[in-house]
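Participant: Here it is, the structure in full.
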Amino acid sequence: MDVTITRSSLRGSARAPPSKSYTHRAILAAGYASGATVSGPLTSADPRATARAVEAFGGDVSETDDGFVVEGFAGRPEVPDDVIDCGNSGTTMRLVTGTAALADGITVLTGDSSLRSRPQGPLLDALSQLGARAESTRGDGHAPLVIEGPISGGRVSIPGDVSSQYITALLMAGAVTDEGIEIELETDLKSAPYVDITLELLSDFGIEAEPIDADGGDVRSAGASGFRVPGDQSYEPAGEGYRVPGDFSSISYLLAAGVLAAERGLTVRGAEPSAQGDTAIVGIVERMGGAVEWDREMGEIEVSKSDLSGVTVDVGDTPDLLPTIATLGAAAAGETRITNCEHVRYKETDRVSAMANELEKLGASVTEHEDELVVHGGDSELSGATVEGYDDHRVIMALALAGLVAEGETVVRGAEHVDVSFPEFFDVLYDLGATIQRQ
């Protein structure tokens, strides 16, 4: 599907979709338990891939009006009857690779062409250190993957600057091993807030896990030299189940839409505080000059159209914000410098190059470095063009935002891929007043 967007004025209120990160972890945690309900989850393609994986390991997942009812495998996953297809979900593949290492037999995991190009090697190496057979069928660290367990726990070393999801996979699986797992980081940890999400959710399911030698700041995992999770634990959610919070990665697009195009104001609901690192978008928009007020108790953010100025943003801990920040930079005065972003090249696509290439088509002046993206807002004059979405939900949504302020028509190709994290994205923009045509 292609979507055509023209310059628009927005007004009204919108609710953020539930967090994809929390939804993945909650479904898998419920699978590790004897069972649990996951209320208010994101019911899109990626979380459904995790639900299918839980079923492949012997659980059962039923979708209801309010979420998922999960019958778990109580920490003892079965060997799947068939290959597990993770679709386009890198989170699914990485998290359940750890689950596969617990099964007493062979599990094969694969995905679509994009997922088969994403790096899994460090996680395979870590599982091999723990005694599993963990191989890439092509010998290049990419899926399809072959995993044979069971592991009983132990010590492992792994780089911290490729994907925090490796750490999450080991922590979630390690809790139900006999010995537990202690992780030593070989490099500084990037995306530390995503590990905080894992630690928060594990605690909600009664699992003890902790960082080692962390800095002790607001981000619990920041500066950690490693992580420790004792073994022989049981997943037991507090109360009757788990409720998923709103997603700040998705909220970033609504905030950006507000400061770009909502002259009479826009209210974003579902913005309750949580461990999500992407809450940083509120402060980033404020630094750029955006009119933003966040009522944390109500979980609402008020935002309106503002004159923006460029800033420097380190996205080492918040890689998913790069596309949003790049678009804001193209509409801002001065220079927006996005640093520490090399790991953003290993997402659904190389998001650094994707945003550089497509914003340039729209008239932005952009300089791309290996670990930095610089958007020269003062030299940019956005005008409509046909841009590629790269089958990447975050690139598509960020480019659509540019269409709200560009002269003429902006056509975003492959727009159906917003289904990964924000299925109603274009419906929400339309309801807020955006001029949108779908083809």
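Participant: So which residues in region 108-136 are in a loop (DSSP other than H, G, I, E, B) and either among the basic types (K, R) or in contact (Cβ under 8 Å) with a residue 24 or more places away in the chain (or both), if there are any at all? Step through it out loud before you land on a result.
Facilitator: Step one: filter region 108-136 for residues in a loop (DSSP other than H, G, I, E, B), giving 111-114, 118-120, 130-132.
Result: G111, D112, S114, R118, P119, Q120, L130, A132.
Participant: Give A56, A51, A16, A29 a once-over and let me know the one that is of a type in the set (A, V, I, L, M, F, W, C) and touching a Gly at 6+ places or on another chain (Cβ under 7 Å).
Facilitator: Working: A56 fails: touching a Gly at 6+ places or on another chain (Cβ under 7 Å); A51 fails: touching a Gly at 6+ places or on another chain (Cβ under 7 Å); A29 fails: touching a Gly at 6+ places or on another chain (Cβ under 7 Å).
So the residue among A56, A51, A16, A29 that is of a type in the set (A, V, I, L, M, F, W, C) and touching a Gly at 6+ places or on another chain (Cβ under 7 Å) is A16.
Participant: Look at region 70-97 and say how many of its residues are crowded, with 19+ Cβ neighbours inside 10 Å, closer than 18 Å to E148 by Cα and either aliphatic (A, V, I, L, M) or in contact with an Asp or Glu (Cβ under 6 Å, 6 or more places away or on another chain) (or both).
Facilitator: Of the residues in region 70-97, 4 are crowded, with 19+ Cβ neighbours inside 10 Å, closer than 18 Å to E148 by Cα and either aliphatic (A, V, I, L, M) or in contact with an Asp or Glu (Cβ under 6 Å, 6 or more places away or on another chain) (or both).
Participant: Looking only at region 137-151, filter to residues that are free of Cβ contacts under 8 Å to residues at least 40 places away in the same chain and not β-branched (V, I, T); which one of those is nearest to G90 (Cα to Cα)?
Facilitator: First, the residues of region 137-151 that are free of Cβ contacts under 8 Å to residues at least 40 places away in the same chain: 137-142.
If we keep only those that are not β-branched (V, I, T) too, we end up with 138-142.
Numbers: R138: 18, G139: 18, D140: 16, G141: 14, H142: 11 Å.
In this case the residue turns out to be H142.
Participant: Being of a type in the set (D, E, K, R) and touching a helix residue (DSSP H, G or I) at 6+ places or on another chain (Cβ under 8 Å) is the filter; apply it to region 22-59 and report the residue that is modelled with the highest pLDDT.
Facilitator: The selected residue is R25.
Participant: Now for a different question. Could you run through region 258-273 and say how many residues are assigned to a loop (DSSP other than H, G, I, E, B) and on the phi < 0 side of the Ramachandran plot?
Facilitator: Taking region 258-273 first, the residues assigned to a loop (DSSP other than H, G, I, E, B) are 262-265, 270-273.
Filter again for on the phi < 0 side of the Ramachandran plot, leaving 262-264, 271-273.
The number of residues fulfilling the criteria is 6.
Participant: Can you name every residue in region 38-60 that is more than 20 Å from P77 (Cβ to Cβ) and over 18 Å from the mean Cα position of the chain (by Cα)?
Facilitator: The one that is more than 20 Å from P77 (Cβ to Cβ) and over 18 Å from the mean Cα position of the chain (by Cα): S39.
Participant: Is it fair to say E182 is surrounded by fewer than 17 Cβ atoms within 10 Å (Cβ to Cβ), at pLDDT 95 or above and not in a loop (DSSP other than H, G, I, E, B)? Please lay out each step first, then the result.
Facilitator: Details: surrounded by fewer than 17 Cβ atoms within 10 Å (Cβ to Cβ): no; at pLDDT 95 or above: yes; not in a loop (DSSP other than H, G, I, E, B): yes.
Taking the combined requirement at face value, the residue does not satisfy it.
Participant: Separate question: Could you list all residues from region 98-114 that are within 19 Å of the chain's Cα centre (by Cα) and surrounded by 24 or more Cβ atoms within 10 Å (Cβ to Cβ)?
Facilitator: Hit for region 98-114 is G98, nothing else.
Participant: What single numbered condition from (1) of a type in the set (S, T, Y); (2) in the same structural domain as P47 (by TED's automatic domain parsing); (3) surrounded by 24 or more Cβ atoms within 10 Å (Cβ to Cβ); (4) more than 23 Å from A126 (Cα to Cα) fails to hold for S203?
Facilitator: Exception for S203: condition (3).
Participant: Hand me the list of strands (runs of 3 or more DSSP E) wholly inside region 274-375 holding 2 or more residues that are of a type outside the set (A, V, I, L, M, F, W, C) and closer than 21 Å to S249 by Cβ. Give the derivation first.
Facilitator: Details: elements: 291-295, 300-304, 312-314, 335-339, 365-369.
Ranges flagged: 291-295, 300-304, 312-314, 335-339.
Participant: Still on this model: Search region 227-247 for residues being closer than 19 Å to S152 by Cβ and surrounded by fewer than 22 Cβ atoms within 10 Å (Cβ to Cβ), and hand back the single one that is nearest to the chain's Cα centre (by Cα). Can you show your working first?
Facilitator: Going residue by residue through region 227-247, those that are closer than 19 Å to S152 by Cβ are 227-235.
In the following step, the residues that additionally are surrounded by fewer than 22 Cβ atoms within 10 Å (Cβ to Cβ) were identified as 228, 230-234.
Values: R228: 23, P230: 26, G231: 27, D232: 29, Q233: 27, S234: 26 Å.
Among them, the one singled out is R228.
Participant: Kindly indicate which of V374, V352, V366 is in contact with a Cys (Cβ under 9 Å, 6 or more places away or on another chain) and of a type in the set (A, V, I, L, M). Steps first, please.
Facilitator: Details: V374 fails: in contact with a Cys (Cβ under 9 Å, 6 or more places away or on another chain); V366 fails: in contact with a Cys (Cβ under 9 Å, 6 or more places away or on another chain).
From the options V374, V352, V366, the qualifying one is V352.
Residue-by-condition table, conditions (1) polar (S, T, N, Q); (2) closer than 27 Å to Q439 by Cα:
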{"residue": "D2", "(1), (2)": "no, yes"}
{"residue": "L10", "(1), (2)": "no, yes"}
{"residue": "S13", "(1), (2)": "yes, yes"}
{"residue": "S21", "(1), (2)": "yes, no"}
{"residue": "A26", "(1), (2)": "no, no"}
{"residue": "G31", "(1), (2)": "no, no"}
{"residue": "S34", "(1), (2)": "yes, no"}
{"residue": "G40", "(1), (2)": "no, no"}
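Participant: Also, I was wondering about something else. Of all the residues that make up region 137-158, how many are in a loop (DSSP other than H, G, I, E, B) and not basic (K, R)?
Facilitator: The total comes to 12.
Participant: Ok, one more. Within region 428-439, is there a residue that is part of a strand (DSSP E or B), touching a Leu at 6+ places or on another chain (Cβ under 8 Å) and among the hydroxyl-bearing types (S, T, Y)? Steps first, answer last, please.
Facilitator: Taking region 428-439 and keeping what is part of a strand (DSSP E or B), we get 435-438.
From what's left, touching a Leu at 6+ places or on another chain (Cβ under 8 Å): 436.
Narrowing the set further to residues that are among the hydroxyl-bearing types (S, T, Y) leaves none.
No; the residues of region 428-439 include none that is part of a strand (DSSP E or B), touching a Leu at 6+ places or on another chain (Cβ under 8 Å) and among the hydroxyl-bearing types (S, T, Y).
The values are calculated or read from the model by the stated rules, or taken from the named source; none is laboratory data. As the structure is a prediction and not an experimental result, all values here were calculated from the model. Every residue, glycine among them, receives a Cβ derived from its backbone with ideal geometry; neighbour counts consider all protein chains shown.
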